[in-house]
Amino acid sequence: MRILGIESSCDETAAAVVENGNHLLSSVIASSSDLHVAYGGVVPEIAARSHIEVMMPVINQALADAECTFEDIDGIAVTNGAGLGGSLLIGVMTARTLAIINNKPLYDINHVLAHVYASFINQSDVKDIKSSKMPGFPILAVVVSGGHTQLMLFKDHFDYKLLGQTQDDAIGEAFDKVAKIIGLPYPGGPNIAKLAKIGDQNAYELPIAKMEGYDFSFSGLKTAVLRLAQREAGVSLDFPSTKLSEKLSEAQKANIAASFQRVAIQTIINKAKKAFEEFNPASVVLAGGVATNAELRQQLNASLPVELICPDIKLCTDNAAMIAALGYYKAQKNQPVADPYKLAIEPSLTV
Ligand code: KG4
Ligand code: ZN
């Protein structure tokens with residue numbers, strides 16, 4: 001069974017063809033991230049306009065790469081939440097139209113759940129390895145991205161429990177905001193990770209939020225970094241934060257990046273370890289854009305008694321392969337949307 005996946009929840013326009021939920025036939029991603037750099041973050045209107053321009057070329061490329069036409073496609077899966085309203089609308093309207101005119105079942109996909117399904121794709125289709133390990137149930141899923149920080153326990157497909165989530169900023173958002181404070185361009189996460197390599201991670205003390213159960217909080221850490229940067233720069237609290245980085249030395253910036261990253265990673269590890277001890281899952285999956293962080297991967301893997309399953313970098317950040325993979329399991333459960341004319345976007349969709 002071949003599913004065409006379509007993703008447009010933020011600034012990536014993506015389409016992919018996946019066979020039987022694990023074999024990746026094609027994956028095409030067009031990002032408008034360059035257009036947002038000047039603004040220091042994603043501008044929803046610019047992202048939506050870009051989706052309109054590239055959506056059909058991206059889908060056609062994904063079909064061509066998979067050597068498919070719509071005749072070879074058994075269903076269409078599309079992200080309908082969570083995400084930016086204008087962006088989601090382009091993907092959903094395109095998928096609805098394609099499903100109707102080609103007479104294919106349409107599957108509505110929750111973006112956060114789909115991040116976990118990137119780990120079901122045969123990673124040897126993406127990178128040069130002989131075989132890859134599939135996660136076994138029960139799965140402890142750690143989803144860390146620009147919009148989400150969630151711990152979930154999956155007993156089976158579609159049988160899951162949300163253990164905890166961030167009560168304020170997502171971890172990726174914290175990386176992006178700290179990057180702004182120390183003058184690194186958007187997207188901040190990869191730039192913080194790069195600079196942290198030459199910094200001293202123990203240079204500064206920063207707080208780990210004490211949250212109930214499996215919940216997270218990153219806004220206090222972000223504010224603590226802002227105060228630290230102001231102190232190190234020798235400026236008052238009302239000094240414009242956009243000019244702060246000019247007052248910091250390269251060494252101070254690297255030390256701030258490394259100290260922040262250490263605490264952000266430790267926050268995730270503490271909760272994941274606690275959940276592992278309580279629920280004793282068969283496997284642990286790390287997914288989402290922040291899962292591309294090499295330090296996080298290594299340290300979380302080292303802190304668990306099982307080998308951490310983490311998708312290839314290309315499948316961690318937003319992509320449509322994960323949408324098609326989850327679409328396959330929806331198809332197995334025979335759960336298409338009842339009326340493709342009525343599939344709506346859900347910008348605030350939760351898990
Ligand atoms: O999953 P994703 O592509 O989009 C969302 O669904 O949010 O995640 C994007 C987030 C951004 O906040 C970006 O800064 C962060 O992932 N990110 C990283 C790294 N690469 C991307 N954060 C930390 N370290 C990285 N290497
Ligand atoms: Zn995402």
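Only the coordinates and a few stated rules stand behind these numbers; no lab work does. Because the structure is predicted, anything quoted here is derived from the model rather than measured. Cβ atoms come from the backbone with ideal geometry, glycine included; neighbour counts cover every protein chain shown.
Of note:
- Using only side-chain charges placed at the Cβ, +1 for Lys and Arg and -1 for Asp and Glu, the dipole size of segment 139-309 relative to its Cα centre rounds to 320 debye.
- For the pair residue 211 and residue 69, a Förster radius of 56 Å applied to the C-beta separation gives a FRET efficiency near 0.65, rounded to the nearest 0.05.
- Each of 216, 90, 149 was placed along the dipole of the chain (beta-carbon charges, centred on the mean Cα), and the one lying farthest toward the positive end is 216.
- Segment 139-309 - convex hull of alpha carbons, volume per residue in Å³: 106
- Extension gain (nm, one decimal) between residue 344 and residue 197, 0.36 nm per residue minus Cα-Cα: 48.5 nm
- Across the chain, the longest run free of exposed loop sites, meaning GluC sites (Glu not before Pro) lying outside DSSP classes H, G, I, E and B with no more than 15 other Cβ atoms within 10 Å, spans 68-204.
- Local electrostatic count, residue 302, Cβ distance below 15 Å [Lys/Arg +1, Asp/Glu -1]: +1
- Distance between segment 202-277 and segment 30-57 - C-alpha centres, whole angstrom: 29
- In this Cβ point-charge picture (+1 for Lys and Arg, -1 for Asp and Glu), the chain has a dipole of about 720 debye about its Cα centre.
- Here each label is just a point 7 Å from Cα along the line to Cβ, and for residue 237 and residue 45 those points are 3.5 nm apart.
- As a proxy for reagent exposure, 211, 56, 152 were ordered by neighbouring Cβ count within 10 angstrom, fewest first; the result is 56, 211, 152.
- Efficiency of FRET from Cβ geometry, residue 301 and residue 61, R₀ 45 Å, rounded to 0.05: 0.85
- Antiparallel %, DSSP beta bridges [both residues in the chain], to 5: 60
- Options 294, 267, 195, ranked by Cα towards positive dipole end of segment 139-309, top entry (Cβ charges): 195
- Protection proxy ranking, peptides 32-38, 237-243, average beta carbon neighbours within 10 Å, highest first: 32-38, 237-243
- Here the chain is treated as an ellipsoid with the same Cα gyration tensor; its semi-axes, largest first and in whole Å, are 35, 23, 17.
- Kirkwood hydrodynamic radius over Cα pairs of segment 1-135, then Stokes diffusion coefficient at 37 °C and 0.692 mPa s, in µm²/s: 215
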